[in-house]
Amino acid sequence: MATRAHETAADVDVLLVGGGIMSATLAALLGTLEPTWRIEIHERLDGPAQESSNAWNNAGTGHAALCELNYTPQRPDGSVDITKAVTINEQFELSRELWAHLAAAGRLPGAERAVTHTPHMTFVRGAEDVEFLRRRHEALRAHRLFADMELSTDPATIASWAPLLAAGRDADEPIAATRATSGTDVDFGALTRAMLDDAVARGATVHTQSEVVGLRRRRDGLWRVRVADRRWNGEGRRTRTARFVFVGAGGGALHLLQRSRIKEIRGYAGFPISGQFLRTTKPELVAQHDAKVYGKAAIGAPPMSVPHLDARVVDGGRALMFGPYAGWSMKFLKQGSWGDLIRSVRPGNLVPMLAVGARNLDLLTYLVREVTATETQRLRALRSYMPTADPRDWELITAGQRVQVIKRGKGGGVLEFGTELVSSADGSIAGLLGASPGASTAVATMLDLLRRCFPDHAEAWAPQLHRMMPSLGGEDWDAAFELDQMVDGGTLTGGH
C-alpha cells in the first residue's frame, strides 16, 4: 500500500511521470479524494500533452464502440460478439461523467469546447461487408447502450448523413452505413492542459523539461526517483522520494518500468508503430462532413490502423482528417530515440518478441507496404471513402507514436492491441502500456489503478467517486442516460 503509513519522510506522496491525459486524470481524482496529498508531475518536454495526448497525434475519437468494427468481432458461427463494445461504451461514459463533474464545478476553464457532438458512423462496401454490418447493427441495437443506432443501405440517406461519402460513387456498388448521433470528437490535449491547471490550483506541482531517468525501491518502501532537469539553465540531476509512482509516459513507460525492476514487468516488450494522416481545412469540404466515419481494416493491419474520415475540432478550429497510414520507427515516442526498441530488449522478453514476430508476418508485410506507399496509393485509399478527393486539398501530417504490447502467452508470446495496466504486488508503483482506446477510457483505467494500488482507501473514497460519476457501480446507470445535455461550446456533461 503506497500511502498507508507516513513514518518515513518522503518528498511527495504521489509522483506522476508524464504530462498526458492519464497523469492528468489521476491527478484530478487523487486531488479530489485526498486534497492534502503532495502530488508532483514530471514531463520531459517543455509542456504537457505534446506526445500521444496532443490533438494532432491522435484521431480525437471518443471511443464508445459506436463505429469501430474491431470491438465487435464475428464469431465462427457468423454471429457478432458485442461484449467488448459494451465494455468500451461503459468505460467512456465514466470519462464523460468525470469531465462533466469537473466542468460543472468550474474546474475546466478553457476546455469548454474540448468535447463536441460529432456523429459516429461505420461505412462499408461490397455485399459481404454490407451483410456483416447489418448483423452487427442488429446485435448492437438489442442492447440499450446502442438502441438509437441507425442503419441504411440507401445511397441517398447515406449522402444526407455524410455527403462526401456518396458524391461521385458508382451507383451499382453495394454500400451500407450505421450512424450514432451521440458520438463525440475530443480534444484530449485541451482536456489534459485544463486538468493539470486544475491540479496545480489544488496544490500539485508540474515540472516541465523534467525527465525521470531512473527509479529504485528503497528498503524503507519509498521510491527513489532520479530526475534530469532538461532546461538550458537547469540544475542537472536530482533525486525525489515518493510513496507512490505512476508511470504514464506513453511509449516511454516500458523503459521506466523495466528500470524499476518490479517482477510484474518481466516478459513485457513493445512493438512501435507510427502513423500519418491526410488533413484538410478547406472550408467547403469541412462544411460537408460532420462525422467520424470508420471502415474495415486491411488484412493484417492492426486495429489502430482502421481507416477513418474524421471531422475534427481542435482549439475551436475545424478540419478533416483521413488515415491513418501506418509507418514504422524504432522510436517509442515521437520525440524519442532511435535506440528505444533495442534498449527495451531483455532476456525475459526476447522469447515473446521472437514468437510474436514469427506469427505476425502478415503485420510485417502490411507495415512494409504502408511505409513504401506512394502518394498515388494514399490518394486511392482516401478516394475509397471520398471519391471526389483532390490531392491539392490535402496535406500529409505525422501523427503520434504508439507502442503495442507484447507479453508472455500462448506459443511463447502474444501481441496485444489495447492498453494494459501493470502494477507491483504492493501497489507502490503502476504504469500503463499500449495504445487505443487509451485516452477515451482513461478514467476507467485510473479507477482500476485506485482499486489495485489503494485498496485500504476504497470504502472511504466510494461515496465521493459515485458523486463524481453516477453510473459507477451500476446502481445509478439509468440516471446517466437522462444527462444528455452536452452542448458544443457549453458545459461538458456525461450521458447519452
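The values are calculated or read from the model by the stated rules, or taken from the named source; none is laboratory data. Keep in mind that this is a model prediction, so the values were computed, not measured. Glycine also receives a Cβ, built like all others from the backbone with ideal geometry; neighbour counts cover every protein chain displayed. Note: accessible area is taken over every heavy atom of the protein model, side chains too, but ligands, DNA and RNA are not part of it. Shrake-Rupley method; radii C 1.70, N 1.55, O 1.52, S 1.80 Å.
Among (1) more than 20 Å from T398 (Cα to Cα); (2) open to solvent by 10 Å² or more (accessible area, probe 1.4 Å), where does L341 come up short?
For L341, the failing item is (1).
Being touching a residue at least 24 places away in the same chain (Cβ under 8 Å) and closer than 17 Å to Q258 by Cα is the filter here; which residues of the range 199-222 pass it?
E211, V212, V213, G214, L215, R216, R217, listed by residue number.
Any residue at all in the range 284-302 that is modelled with pLDDT under 90 and under 29 Å from E112 (Cβ atoms)? Full working, then the answer.
Filtering the range 284-302 for residues modelled with pLDDT under 90 gives 296-302.
Next, only the ones that are under 29 Å from E112 (Cβ atoms) stay: none.
Within the range 284-302 (the criterion being modelled with pLDDT under 90 and under 29 Å from E112 (Cβ atoms)), the answer is no, since none of the residues qualifies.
Considering only residues that are open to solvent by 10 Å² or more (accessible area, probe 1.4 Å) and at pLDDT 85 or above, look in the range 318-328 and name the one that is nearest to T281 (Cα to Cα).
R318
Specify which of the listed residues (V247, V314) is open to solvent by 10 Å² or more (accessible area, probe 1.4 Å), β-branched (V, I, T), under 21 Å from A439 (Cβ atoms) and in contact with a helix residue (DSSP H, G or I) (Cβ under 6 Å, 6 or more places away or on another chain).
Working: V247 fails: open to solvent by 10 Å² or more (accessible area, probe 1.4 Å).
So the residue among V247, V314 that is open to solvent by 10 Å² or more (accessible area, probe 1.4 Å), β-branched (V, I, T), under 21 Å from A439 (Cβ atoms) and in contact with a helix residue (DSSP H, G or I) (Cβ under 6 Å, 6 or more places away or on another chain) is V314.
Would you confirm, using the coordinates I've provided, whether L191 is under 30 Å from G316 (Cα atoms), more than 25 Å from the chain's Cα centre (by Cα) and not in a strand (DSSP E or B)? Lay out the reasoning, then the answer.
Numbers: under 30 Å from G316 (Cα atoms): yes; more than 25 Å from the chain's Cα centre (by Cα): no; not in a strand (DSSP E or B): yes.
Taking the combined requirement at face value, the residue does not satisfy it.
Tell me, yes or no, whether the range 33-46 has at least one residue that is over 23 Å from the mean Cα position of the chain (by Cα) and acidic (D, E).
yes
Report, by residue number, each residue of the range 259-273 that is open to solvent by 20 Å² or more (accessible area, probe 1.4 Å) and not aromatic (F, W, Y). Steps first, answer last, please.
Step one: of the range 259-273, the residues open to solvent by 20 Å² or more (accessible area, probe 1.4 Å) are 259, 261, 263-264, 266, 268, 271.
Across the range 259-273, the qualifying residues are R259, R261, K263, E264, R266.
Might you let me know whether the range 33-40 holds any residue that is among the β-branched types (V, I, T), farther than 29 Å from G336 by Cα and modelled with pLDDT of 95 or more? Lay out the reasoning, then the answer.
If we filter the range 33-40 for residues that are among the β-branched types (V, I, T), which is where we start, we get 36, 39.
Those still in the list that are farther than 29 Å from G336 by Cα too: 36.
Cutting the leftovers down to modelled with pLDDT of 95 or more gives us 36.
Within the range 33-40, one or more residues are among the β-branched types (V, I, T), farther than 29 Å from G336 by Cα and modelled with pLDDT of 95 or more.
Which one of L449, L421, L433 is in a helix (DSSP H, G or I), more than 22 Å from A190 (Cα to Cα) and not aromatic (F, W, Y)?
L449
Looking only at residues in the range 170-188 that are open to solvent by less than 20 Å² (accessible area, probe 1.4 Å) and among the hydrophobic types (A, V, I, L, M, F, W, C), which one is nearest to the chain's Cα centre (by Cα)?
Residue satisfying both the conditions and the ranking: F188.
So which residues in the range 20-74 are of a type outside the set (A, V, I, L, M, F, W, C), touching a Gly at 6+ places or on another chain (Cβ under 9 Å) and more than 25 Å from D310 (Cβ to Cβ), if there are any at all?
Of everything in the range 20-74, those that are of a type outside the set (A, V, I, L, M, F, W, C), touching a Gly at 6+ places or on another chain (Cβ under 9 Å) and more than 25 Å from D310 (Cβ to Cβ) turn out to be S23, G31, P35, T36, R38, H42, E43, R44.
Working only within the range 87-120, note down all residues that are in contact with a strand residue (DSSP E or B) (Cβ under 6 Å, 6 or more places away or on another chain) and modelled with pLDDT under 95. Working first, answer last.
From the range 87-120, those in contact with a strand residue (DSSP E or B) (Cβ under 6 Å, 6 or more places away or on another chain) are 115-116, 118-120; that's our starting set.
V115, T116 - these are the residues of the range 87-120 that are in contact with a strand residue (DSSP E or B) (Cβ under 6 Å, 6 or more places away or on another chain) and modelled with pLDDT under 95.
Restricting attention to the range 194-212, report how many residues are assigned to a strand (DSSP E or B) and open to solvent by 20 Å² or more (accessible area, probe 1.4 Å).
Residues of the range 194-212 that are assigned to a strand (DSSP E or B), as a first pass: 205-207, 210-212.
Those left that are additionally open to solvent by 20 Å² or more (accessible area, probe 1.4 Å): 205-207, 211.
Of the residues in that region, 4 qualify.
Within the range 111-134, is even one residue surrounded by 22 or more Cβ atoms within 10 Å (Cβ to Cβ) and charged (D, E, K, R)?
Checked the range 111-134: no residue is surrounded by 22 or more Cβ atoms within 10 Å (Cβ to Cβ) and charged (D, E, K, R).
Against the definition (modelled with pLDDT under 95 and surrounded by 24 or more Cβ atoms within 10 Å (Cβ to Cβ)), how does A242 come out, yes or no? Break it down into steps so the answer makes sense when it comes.
Details: modelled with pLDDT under 95: no; surrounded by 24 or more Cβ atoms within 10 Å (Cβ to Cβ): yes.
Judged against the criteria, A242 is not a match.
Restricting attention to the range 160-169, and to residues there that are touching a Lys or Arg at 6+ places or on another chain (Cβ under 9 Å) and under 15 Å from A291 (Cα atoms), which single residue is most open to solvent (accessible area, probe 1.4 Å)?
Selected residue: W161.
Does the range 283-296 contain at least one residue that is open to solvent by less than 30 Å² (accessible area, probe 1.4 Å) and assigned to a helix (DSSP H, G or I)? First the steps, then the outcome.
Quick first cut of the range 283-296, residues open to solvent by less than 30 Å² (accessible area, probe 1.4 Å) only: 285-286, 289, 291-295.
Still in the running and assigned to a helix (DSSP H, G or I): 285-286.
Yes, that holds for at least one residue.
Cβ contacts < 6 Å: first residue in contact (Cβ under 8 Å) with a residue 40 or more places away in the chain, restricted to the range 49-61; second residue open to solvent by 40 Å² or more (accessible area, probe 1.4 Å) and outside any helix (DSSP H, G or I), any location; separation 6+ or different chain. Result?
Within 6 Å, the pairs are E51/K334.
Do we have any residue at all in the range 15-34 that's outside any helix (DSSP H, G or I) and surrounded by fewer than 22 Cβ atoms within 10 Å (Cβ to Cβ)? Even if it seems obvious, please write down each step before you answer.
Our first condition is that a residue be outside any helix (DSSP H, G or I); within the range 15-34, this holds for 15-20, 34.
Adding the requirement that they be surrounded by fewer than 22 Cβ atoms within 10 Å (Cβ to Cβ) leaves 34.
Taking every residue of the range 15-34 in turn, at least one turns out to be outside any helix (DSSP H, G or I) and surrounded by fewer than 22 Cβ atoms within 10 Å (Cβ to Cβ).
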